[in-house]
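Note sheet for the following structure.
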Amino acid sequence: MRSLLALGGRWGFQLLAIFFLVAGIVGLQEGVHAADFSARQVAQKLFEAKPGQRVDFSDRNLTLTDLSHLDFKAALLTGADLYGADLTDAKLVGADLSETRLDRATIIRTDFSDANLTDATLLRPTTFANDTFDTDDVARFRRARLVRLRVHARLDGADFRSADLTEADFSPLDLRSGTISTKASSQLPGADFSGAVLKGVNLSGSNLAFAKFRGVDARDADFHGADLTGADFTGANLAGVDFTGANLTEANFEGVRGLQTAKGVKGAQSVKKETP
């Protein structure tokens with residue numbers, strides 16, 4: 001910007017005007033507009049809330065806002081726009097985030113336990129502090145309601161225990177909408193879905209190596225093309241599941257139900273036992 005001003009005179013200001021025009025167009029293309037509240041205003045509203053009061057940020061624009069370390073106290077964020085917001089170490093326990101846009105948000109160590117993310121989107125968020133992918137950084141979704149959530153993310157070792165992921169969609173993004181730093185498939189190695197509801201979930205093409213699916217209800221789930229190396233399905237209901245083209249090397253199907261109606265499991269080496 002200083003280089004543009006250094007040109008001086010009419011040409012310098014004309015070029016500067018063009019710069020801001022282009023920047024504005026790019027922002028509009030990403031659907032990003034000025035936030036309704038500053039970080040300080042959000043913090044103040046949460047601080048002033050009475051015990052048990054759920055602060056209402058429904059349909060508010062909080063794009064690109066630094067909301068790190070805040071305790072939202074089960075706030076109402078239905079339909080809010082949190083595109084690019086920094087939610088590092090934020091506590092969203094019990095919050096209503098249904099129909100919320102969380103695309104490109106930073107969710108390092110964010111706690112979504114017991115939150116409602118029905119029909120929300122979580123596309124290409126920042127999930128780790130560095131490229132070591134320390135699982136201590138990963139967000140938590142224990143017991144969360146994630147019905148029809150559209151997600152594309154790297155969530156190594158994430159805690160989805162007892163969550164409701166009915167018809168959630170983790171399927172690959174169109175490569176044309178990806179970036180150089182983004183893999184087309186969701187990365188969920190070592191994630192723990194034990195006790196979760198996965199009815200109709202789409203995990204096709206995902207990296208789920210060594211993930212835990214103990215006791216899940218995965219009826220009609222789509223795992224086609226997924227990497228399920230070493231995955232543990234002990235005691236799961238797999239009726240109607242599609243494993244076509246999935247890597248099932250050393251996967252554990254001990255005590256599962258409905259395997260006879262699943263697709264693509266023929267030849268799996270580790271089917272120890274199926275419960276009738």
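A few remarks follow.
- Region 222-253 - residue that is farther than 20 Å from Pro189 by Cβ and among the polar types (S, T, N, Q) and, of those, modelled with the highest pLDDT: Asn237
- Residue check, Arg143 more than 17 Å from Ala226 (Cα to Cα) and modelled with pLDDT of 95 or more: yes
- Filter result for the condition that a residue is at pLDDT 95 or above and farther than 18 Å from Phe213 by Cα, over Leu173, Leu155, Leu102: Leu102
So that you can scan it fast, the table gives a plain yes or no per residue for (1) touching a residue at least 12 places away in the same chain (Cβ under 8 Å); (2) surrounded by 19 or more Cβ atoms within 10 Å (Cβ to Cβ); (3) assigned to a loop (DSSP other than H, G, I, E, B):
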position: Asp119; (1), (2), (3): yes, no, yes
position: Leu122; (1), (2), (3): yes, yes, no
position: Asp131; (1), (2), (3): no, no, yes
position: Asp136; (1), (2), (3): yes, no, no
position: Val147; (1), (2), (3): yes, yes, yes
position: Val151; (1), (2), (3): yes, yes, no
position: Gly157; (1), (2), (3): yes, no, yes
position: Arg161; (1), (2), (3): yes, yes, yes
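- Whichever residue in region 226-251 is of a type in the set (S, T, N, Q) and surrounded by fewer than 20 Cβ atoms within 10 Å (Cβ to Cβ) and, among such residues, is farthest from Ser204 (Cα to Cα): Thr234
- Residue in region 213-221 that is assigned to a strand (DSSP E or B), more than 16 Å from Arg161 (Cα to Cα), at pLDDT 95 or above and not β-branched (Val, Ile, Thr) present: no
- Check on Val256, farther than 18 Å from Ala191 by Cα and in contact with a Phe, Trp or Tyr (Cβ under 6 Å, 6 or more places away or on another chain): yes
- Given (1) part of a loop (DSSP other than H, G, I, E, B); (2) more than 12 Å from the chain's Cα centre (by Cα); (3) over 18 Å from Leu208 (Cβ atoms), index of the condition Ile108 fails: (2)
- Failed item in (1) aliphatic (A, V, I, L, M); (2) crowded, with 21+ Cβ neighbours inside 10 Å; (3) within 15 Å of the chain's Cα centre (by Cα), with Ala184 passing the rest: (2)
- Residue match in region 188-200 (condition: modelled with pLDDT of 95 or more, more than 18 Å from Ala163 (Cα to Cα) and part of a strand (DSSP E or B)): no
- Helices (runs of 4 or more DSSP H) contained entirely in region 1-97, each with at least 2 residues that are at pLDDT 95 or above and not aliphatic (A, V, I, L, M): 39-48
The values are calculated or read from the model by the stated rules, or taken from the named source; none is laboratory data. Remember, predicted model here, so these are calculated numbers, not experimental data. Neighbour counts are summed over all protein chains in view; Cβ atoms, including those assigned to glycine, are modelled from backbone coordinates with ideal geometry.
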